[in-house]
1. To two decimal places, what compactness ratio does segment 125-244 give when its Cα radius of gyration is scaled by 2.2 N^0.38 Å?
2. How do the peptides 390-396, 409-415, 214-220 rank, highest first, by the average count of neighbouring beta carbon atoms within 10 Å per residue?
3. Quick check: the distance between the Cα centres of segment 136-178 and segment 72-113, to the nearest angstrom?
4. Is it possible to state the helix-based mean residue ellipticity at 222 nm for the chain, with each DSSP H run of 4+ residues giving -39500 (n - 2.57), the sum divided by total residues, to the nearest 500 deg cm²/dmol? What is it?
5. Holding the Cα-Cα limit at 31 Å, pick out from K158/K387; K47/K389; K371/K399; K47/K377 the pairs that are longer than that.
6. Let me make sure I get this right: for segment 309-355, a, b and c are the square roots of the gyration tensor eigenvalues over alpha carbons, sorted descending. Under 1.5 in a/c it's rounded, otherwise prolate if a/b > b/c, else oblate. Which is it?
7. Quantify, in whole percent, the carbon and sulfur part of the accessible surface of the chain (1.4 Å probe; protein heavy atoms only).
8. Using alpha-carbon positions, what is the distance between the centroids of segment 338-365 and segment 247-266, in Å?
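The values are calculated or read from the model by the stated rules, or taken from the named source; none is laboratory data. None of these values were measured; they are calculated from a predicted model. Backbone-built Cβ (ideal geometry, glycine too); neighbour counts: all protein chains shown. Areas reflect the complete protein model, heavy atoms only, side chains present, ligands, DNA and RNA absent. Shrake-Rupley method; radii C 1.70, N 1.55, O 1.52, S 1.80 Å.
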Amino acid sequence: MEQSDEQKLTVTKDWWKENAAGVPRLITETPGPRSKEMHTRAARYMKGLSSQVKLFPVCFEEGYGVTLTDVDGNRYLDFSSGIYVTSLGHCHPKISEAIAYWAKKLMNAHDFTTPVKEKLLEKMADVLPGNLNAIQLYSDGASAVEAAIRAARAITGKHEFISGYRDFHGKSMAAVSCAQMIRGDVYSYGPTRAPGFYMVPRPDPYRPLWTKPDGTIDTDQYIAFYDQFITESTVGNVAAFVLEPAQGWAGSIFPPDDFFPKLKAFCEKKKILLFDDEVLAGMGRTGEYLCMNHWNVQPDIVTLGKSFGNGFPVTAMVLKEEYGEALESISASSSYGGNPMACAAALASIEVIEDEGLLENVRTVGAAIMKRLEKMKAEHPIIGDVKGKGFLLGIELVKDKATKEPFAEAGTLVYQKAFQRGLAWIPAGHILRMSPPLIMDEAYAMKGIDMIEDAISDVEKQFGYV
Ligand SMILES: Cc1ncc(COP(=O)(O)O)c(C=O)c1O
């Protein structure tokens, strides 16, 4: 069978709907008895679980489209896409077929060219903006970030890096050095972050550090601070700013529209690269292939992951064409990066985004969700802010709208209560994060929001707000 045979598989864009009918469909309390029993046995050995699992120890055995089914037969609506990963729906038939084809034909050929890799590279160059077309492939986000940091050093001959407060870039040593290091999920015992890594505040419109006289956030002040920070705190050898375009883990925090254009101009003036970590926000999640496209800014380095292979571990580091040569000097390849199954998953994923018009779906349904969230914000005493673009969304819970004191206990309870009602999603302290699959239509999206709103109302009652 030729590769083209496998690619003849056609599915309509409603492939997931039959399975989703009637979801959530709960037949036991959740987590159910079989889930509890299996999880207890697994947790005897599996250590270091995420809070997502610890707070709701369900055991899943099937995922299809916008649903997840547990071992007790309960079917949940998925508002997590795994963890921003299965963005085109669990087990998209076209993507699963493409992976299976190469699983039977050629699983690994190191970094030799394969037919499917050649097609993927051309497709990536086609969908990414400008001349972002010097590519290397990896199998997890942190490895791509790590490689990008080495590449930035090779390109500039400089060694310092600046990232933003509450950014997250993965759990390898350089990546944790670009994040807060005393936080549970990246806790790093050590005398310090890696030398030459610094962090600066980045603009959060709900919690601004610097404002204009009219009270709106003042992005010029942030840039002025970076200028001063570089003079006062670095040795003047800054290779790159390492930033998420919109912060995922931190709670779907988007900067004001003028921030990245100003930062890019500042970086150009200072001969500093802009490394845009799109592992979480990229490949359609915000309604654009790159989140940075919203601001018409072309970064120098981009990393892609998560949605890139719709669940198959495949990630990428992409540089502007003129920097491609630098990859020759860092021995950029890896054992699994760019294996045929991975390339097939990534290629099929981009084709699905194109064929099913998913960027448009994300923009339209995302706007409808935001409208609903704004209404909820006006009606609920503990919703301090709602935020997002496309399907990267957040609800910030506060004890008091005036003081904006974070309400983490409420966040935990809302997460658990909505999950009990049949919504599989992601906790993040006081900010409720939502990351539905990009295929979801408005009706299912509103079902998910209903479950969240019901859980918020319950928690408001429990804490005596209503
Ligand atoms: C922005 C960002 N960069 C990098 C990573 C690391 O990716 P991985 O978990 O695949 O190593 C993540 C993971 O959540 C992320 O959100």
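1. Values: Rg = 16.0 Å, N = 120, 2.2 N^0.38 = 13.6 Å.
Here the answer is 1.18, to two decimals.
2. On the way: 390-396: 26.6, 409-415: 21.6, 214-220: 14.0.
Highest to lowest by the protection proxy: 390-396, 409-415, 214-220.
3. Taking the Cα centre of segment 72-113 as reference, the centre of segment 136-178 is 26 Å away.
4. Working: 15 runs with 172 residues, N = 466.
Per the formula, -11500 deg cm²/dmol.
5. Numbers: K158/K387 36 Å; K47/K389 34 Å; K371/K399 23 Å; K47/K377 38 Å.
Among K158/K387; K47/K389; K371/K399; K47/K377, the Cα-Cα distance tops 31 Å for K158/K387; K47/K389; K47/K377.
6. On the way: a/c = 3.56, a/b = 1.65, b/c = 2.16.
Because a/c hits 1.5 or more and a/b fails to exceed b/c, segment 309-355 counts as oblate.
7. On the way: 10120 of 18980 Å².
About 53 percent, which is the carbon plus sulfur part of the accessible surface.
8. Value for the Cα centre distance between the two parts: 25 Å.
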